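See below for the structure under consideration.
The values are calculated or read from the model by the stated rules, or taken from the named source; none is laboratory data. Note that the coordinates shown come from a computational prediction; the quantities given were computed from them, not determined experimentally. Cβ placement follows ideal geometry from the backbone for every residue including glycine, while neighbour counts extend to all protein chains displayed.
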Amino acid sequence: MLEQELLLLGLLKESPKHGYEVKKKIKEILSIFAGVDLKSIYYPLKVLEKKGLLVKRVKKEGKRPQRYIYELTPKGEARFQEMLTHSFLNFKRPQFSLDLSLYFLRYLNPAIAKRRLRARLSVLKKLSHSLRETIAALRKKGVSPLVYILEHNLQMVESESKFLFHLIQTL
């Protein structure tokens, strides 16, 4: 819930939003990079409201039905700053899907292991290329926080690629 809380508070720090706007932003942009997928947006918003971190206001525009707009409270702003600082200093070990397979690698025929590792390396190269193209496109549009996330992901992909290349050589 901490990552969800940071995400929701951060999105509402950008500007007050109604629930659908928050869900749309998470789905279109951040879930791809932050690994967050909220099936229901309204329950977490309600929890944050009960904690006094945000306030819900009714807004009516023209003939449209009324909507609830969520906005950070001063307490929510303070919590966001606290969580953001904590997030920078949190050093959870990253987990990669490959790690468990590497532990049991000795149970594979070396030729099969090399073939599978080369296949993974091939996918990583395509991913690396795609990340580079996306970074370049976002830079043309101007500075975007997503560029930092993509650059971080690109470096992790390239690091794993380098590791796999050397592992394949040693098998």
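Residues are listed down the side, and each one gets a yes or a no for (1) touching a helix residue (DSSP H, G or I) at 6+ places or on another chain (Cβ under 9 Å); (2) modelled with pLDDT of 90 or more:
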residue	(1), (2)
Lys114	yes, yes
Leu117	yes, yes
Lys125	yes, yes
Ile135	yes, yes
Leu138	yes, no
Gly142	no, no
Val157	yes, yes
Lys162	no, yes
Gln169	no, yes
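State which residue is modelled with the highest pLDDT when the search covers only region 73-105 and only residues that are of a type in the set (S, T, N, Q) and closer than 16 Å to Gln4 by Cα. Spell out how you get there, then give the answer.
First, pick out the residues of region 73-105 that are of a type in the set (S, T, N, Q): 73, 81, 85, 87, 90, 95, 97, 101.
Adding the requirement that they be closer than 16 Å to Gln4 by Cα leaves 81, 85, 87, 90.
On the way: Gln81: 95, Thr85: 91, Ser87: 87, Asn90: 81.
The qualifying residue modelled with the highest pLDDT is Gln81.
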field: Those residues of region 39-54 which are buried (at least 16 other Cβ atoms within 10 Å of the Cβ) and either under 12 Å from the mean Cα position of the chain (by Cα) or at pLDDT 90 or above (or both), in sequence order
entry: Pro44, Leu45, Leu48, Glu49, Leu53, Leu54
message: Looking at region 68-93 only, could you name the residues that are within 12 Å of Leu54 (Cβ to Cβ) and of a type in the set (Lys, Arg)?
response: Lys75, Arg79
message: Just to be sure I understand the filter: pairs with C-beta atoms under 8 Å, separated by 6 or more residues or on different chains, first member in region 100-127 and within 15 Å of Leu164 (Cβ to Cβ) and without any contact (Cβ under 8 Å) to a residue 12 or more places away in the chain, second member surrounded by fewer than 15 Cβ atoms within 10 Å (Cβ to Cβ) and of a type outside the set (Gly, Ala, Ser). Which pairs pass?
response: Leu108/Arg116
